[in-house]
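J.: Take a look at this one; I'll ask things after.
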Amino acid sequence: MSYKWPDKDKDEIVDYSVDWSRFLKDDTLAAAVWYAKDAEGVKTQFSDSSVINGLQFVTGTLSGQVSTARFSLCTNNIRYTIICSITTGSGLQYERSIFMRVKEK
């Protein structure tokens, strides 16, 4: 299943989040790893300040049952596929794909 975030302007630096509470019940987030599909469609892991297909991942954070990624830079008129993979405190693993479209505002 894929989700969609609001459109991003190429000049914005913005936070986008995934709320995992409906999957976790009383469990907690232990880790989140962020990926993007590159220009060839290959799932590639972000590290802080890395750029994939023109999109810069600034940093990621965890708060309760929410994982958040901060993005900067990007290419206008591109739809990025972002993937968030989490591990819970009890060792469960989940992954969700999210679409992020870039449109100049």
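The values are calculated or read from the model by the stated rules, or taken from the named source; none is laboratory data. Model, not experiment: these values are computed from the prediction. Cβ coordinates were reconstructed from backbone atoms using ideal geometry, including for glycine residues, and neighbour counts include every protein chain displayed.
J.: Out of Lys43, Lys103, Lys25, Lys10, I need the residue that is of a type outside the set (A, V, I, L, M) and on the phi > 0 side of the Ramachandran plot. Which one?
T.: Lys25
J.: Return the residue satisfying two criteria in turn: it lies in the stretch 30-53 and is aliphatic (A, V, I, L, M), closer than 22 Å to Lys4 by Cβ and touching a residue at least 24 places away in the same chain (Cβ under 8 Å), and of such residues it is surrounded by the fewest Cβ atoms within 10 Å (Cβ to Cβ).
T.: Per the stated criteria, the residue is Val33.
J.: I've got another one for you. So which of Lys4, Lys8, Lys43 is closer than 22 Å to Lys103 by Cα, modelled with pLDDT of 95 or more and of a type in the set (Lys, Arg)?
T.: Lys8
J.: Can I ask one more? When only residues in the stretch 11-30 that are in a helix (DSSP H, G or I) and not aliphatic (A, V, I, L, M) count, which is nearest to Arg96 (Cα to Cα)?
T.: The residue in question is Phe23.
J.: Follow-up. Looking only at residues in the stretch 11-29 that are of a type in the set (A, V, I, L, M) and crowded, with 16+ Cβ neighbours inside 10 Å, which one is modelled with the lowest pLDDT?
T.: It comes out as Leu24.
J.: Where residues in the stretch 31-68 are part of a strand (DSSP E or B) and among the aromatic types (Phe, Trp, Tyr), which of them is farthest from Glu95 (Cα to Cα)?
T.: Phe57
J.: Another question, then. Among Thr88, Thr59, Thr68, which is the only one that is within 16 Å of Ile13 (Cβ to Cβ), crowded, with 16+ Cβ neighbours inside 10 Å and not charged (D, E, K, R)?
T.: Going through Thr88, Thr59, Thr68 in turn, the sole match is Thr68.
J.: Let me confirm something: among Val66, Val102, which residue is among the β-branched types (Val, Ile, Thr) and more than 15 Å from Tyr3 (Cβ to Cβ)?
T.: Result of the check over Val66, Val102: Val102.
J.: Here's a follow-up. For the stretch 69-105, how many residues meet the condition of being in a loop (DSSP other than H, G, I, E, B), among the hydrophobic types (A, V, I, L, M, F, W, C) and within 24 Å of Trp20 (Cα to Cα)?
T.: Looking only at that region, the number is 1.
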